[in-house]
Amino acid sequence: MIPGFIISIMTFPGVIVHESAHMLFCKIRGVPILDVCFFRFGNPAGYVVHGRVDDFVTSFLVAVGPFIINSALCFFVCLPAFVPVRIFGMTDPLSYLLLWLGISIGMHAFPSMQDASNLWVQAKQAARSFNLLAILSFPLVIAIYIANMLTFFWLDYIYGIAIGLGLPTLILDHLF
Amino acid sequence: MTMKQSKCADCALECSVNQTLKVAGKVVCIACAEKILSDKNLKTKPIVEHQTDPTICVKCGKDNGLIDFHAVAELPVCPQCESFIRNRPFPLWIKVAMTVVGGLVVFSFAWNVRFIKGYVQLKASHKFLNTGDIEKAATSLNAAATCIPERKDLRAVACFYEGAVLMRQEKWDQAIARLNSCGGSLPSQLRPTVEESIINAKIGIAFDTKDYNAFLDLAMQVQNKHPDDSTFAGQIASAYACLYAQSGDEQFKKRALESLEKAGTASRTTNSPEYFESYQQRILHRLYTREVIDHKEFARRFPNGWRQPKEQP
């Protein structure tokens with residue numbers, strides 16, 4: 001077993017992008033940001049402390065932001081390196097650097113347990129007023145919890161590989 | 001400036017609000033809070049809350065006297081800090097790092113675009129090969145090999161299909177030269193096909209130069225490579241028919257008919273009986289007329305096929 005903090009160190013760009021994504025959505029939605037740590041040697045490896053959010057859409061975006069941003073960045077960072085390495089077996093260092101960077105970012109796409117807890121509390125409140133997004137969020141929150149538990153079985157790494165290498169394969173095969 | 005004061009519920013000490021804690025609903029000074037929390041007889045851990053002085057900015061510690069600061073996220077902050085919290089900028093190093101990553105991605109796209117072009121051409125060549133369009137497949141493979149010169153096997157495969165195109169155009173000398181230039185990078189499964197294609201090109205040259213003995217030798221070589229497949233006996237029949245046409249020796253005619261029979265039997269088990277039918281007509285025409293014509297001339301003269309005239313009694 002590899003301890004979590006070592007994985008965080010090895011994939012630190014993903015932690016930085018994860019926290020940046022939280023911060024970005026806070027800024028977009030006008031949520032005050034009290035404190036930010038983009039990376040540290042500890043648990044959690046990074047955090048964003050923000051003010052209370054009253055509307056559910058904002059809570060949802062702030063919590064799910066890293067999933068959107070990290071997944072998209074993982075795909076776009078891996079894409080230019082994917083064809084030379086995966087299809088043609090080239091071994092240039094830049095491509096490997098980009099694959100490491102992309103997969104590291106993809107590995108930290110899942111919202112954390114804390115993000116899921118925040119979303120769960122907000123979703124329960126919003127669902128009382130029949131907010132459709134809040135109602136739809138319940139299975140998503142459960143999925144986030146399960147995904148976080150399955151990181152023990154490297155689901156985060158598998159997800160990074162799937163977005164960084166699997167998705168380009170799928171797209172290129174269907175495009176051409 | 002005077003900070004807001006609070007009285008400890010246990011020791012009655014007057015201290016600033018920021019120096020107090022609420023332990024189990026009771027406001028106490030830090031010393032009394034530590035005393036309560038270190039009590040070993042406590043059955044449950046009490047809830048501890050920080051007391052915040054609304055006149056002191058939580059971020060910079062600025063004292064606003066007796067006037068409360070505006071609360072942001074339920075915490076008192078001065079106007080300067082509030083502006084910072086509400087519009088917190090990304091640190092410079094994050095901006096630089098993101099720009100570098102973006103630059104790397106753009107550079108990598110530009111650097112590796114030839115691989116993407118090569119991949120597109122490679123996929124196109126597979127599609128053309130599946131539809132039997134060897135000319136277009138060879139062009140695409142050649143383009144792919146040009147995009148990725150590091151992959152020598154791609155160049156070799158492109159050479160192979162260019163050779164196949166030249167074979168189809170009956171440019172035998174050029175085909176042999178092209179096939180010979182495939183080199184050692186050719187995938188091993190294509191090597192026997194290359195060797196055989198070179199022999200077939202030599203057969204083409206032997207036929208064109210009317211060197212029918214060489215034609216027969218080469219046709220035998222091909223058959224020997226496939227001892228269990230009699231479809232190759234058709235070429236031997238063709239060579240014997242040419243020798244018969246040239247010499248009039250009945251032995252050649254007999255062997256030509258035997259080989260043709262063998263090839264005919266084999267063709268019934270393959271999916272090319274129609275091709276064999278037209279091939280057989282050409283050989284029989286050669287044997288009947290003792291005139292050697294190539295398949296193009298044969299097709300021109302007999303667009304509806306040729307039938308041996310019935311012998312007059």
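Compute the helix-to-body angle for B:152-168: its Cα long axis versus the longest principal axis of chain B, expressed 0 to 90° and rounded to tens.
30 degrees
Which whole number gives the average count of other chain Cβ atoms within 10 Å of the Cβ atoms across peptide B:88-96?
4
In terms of the Cα gyration tensor, with a ≥ b ≥ c the square roots of its eigenvalues, is region A:4-43 rounded because a/c is under 1.5, prolate because a/b exceeds b/c, or oblate?
Note, shape of region A:4-43 comes out prolate.
Lysines near B:LYS59 by alpha-carbon distance under 26 Å, same-chain residues fewer than 8 away left out - which ones?
Reachable lysines: A:LYS27, B:LYS4, B:LYS7, B:LYS22, B:LYS26, B:LYS95.
Does region A:4-171 classify as rounded, prolate or oblate by the C-alpha gyration tensor (a ≥ b ≥ c root eigenvalues; a/c under 1.5 gives rounded; else a/b over b/c gives prolate, otherwise oblate)?
Here region A:4-171 falls in the prolate category.
Computed over the Cα atoms, what is the radius of gyration of chain B divided by 2.2 N^0.38 Å, N being its residue count?
Against the compact-globule rule of thumb, the ratio is 2.35.
Round to the nearest 10 and give me the degree value, 0 to 90, for the angle of helix A:132-150's Cα axis relative to the longest principal axis of chain A.
Tilt relative to chain A: about 50 degrees.
Which value, in debye to the nearest 20, gives the size of the charge dipole of chain B about its Cα centre, when Lys and Arg are +1 and Asp and Glu are -1 at the Cβ?
Here the size comes out at about 520 debye.
Dipole of region A:4-171 (Lys/Arg Cβ +1, Asp/Glu Cβ -1, origin at the Cα centre): which of A:LEU167, A:LEU101, A:THR58 lies farthest to the positive side?
A:THR58
Rounded to the nearest 0.05, what FRET efficiency do B:ALA71 and A:TRP154 have when you use their Cβ-Cβ distance and R0 = 45 Å?
0.55
Going by the alpha-carbon gyration tensor, a ≥ b ≥ c the square roots of its eigenvalues, is region A:12-86 rounded (a/c under 1.5) or, if a/c is not under 1.5, prolate (a/b greater than b/c) versus oblate?
Cα axes put region A:12-86 in the oblate bin.
Given the peptides A:38-45, B:39-46, arrange them by the average over their residues of other C-beta atoms within 10 Å, most packed first.
A:38-45, B:39-46
Give me the Kirkwood hydrodynamic radius of the protein assembly as shown in Å, from all C-alpha pairs, to one decimal place?
Value: 30.4 Å, from the Cα pair sum.
Using the basic label-point model (7 angstrom from Cα toward the beta carbon), what is the A:PHE176 to B:ALA31 distance in nanometres?
Rounded to a tenth, the inter-label distance reads 7.7 nm.
Using Cα pairs under 8 angstrom and six or more residues apart, how large is the relative contact order of region B:5-86, in percent?
21 percent
Using the alpha carbon gyration tensor of region B:7-94, what are the three equivalent-ellipsoid semi-axes (square root of 5 times each eigenvalue), largest first, in whole Å?
Those come to 32, 17, 10 Å.
Where the eigenvalues come from the Cα gyration tensor of region A:99-176, what are the semi-axes √(5λ) of the equivalent ellipsoid, largest first, in whole Å?
Working from the Cα gyration tensor, I get semi-axes of 30, 16, 9 Å.
Relative contact order for region B:1-155: what is it in percent, counting Cα pairs under 8 Å that are at least 6 residues apart?
Relative contact order for region B:1-155 comes out at 14 percent.
Pick from A:VAL83, A:VAL62, A:VAL141: which residue has the top mean-square fluctuation in a GNM of chain A where Cα pairs under 10 Å get a spring?
Judging by the Gaussian network model, the answer is A:VAL83.
Read-outs throughout are calculated quantities, based only on the coordinates presented, and are distinct from any laboratory measurement. This is a predicted model, so every value here is computed, not measured. Reconstructed Cβ throughout: ideal geometry from the backbone, glycine too, with neighbour counts over all protein chains shown.
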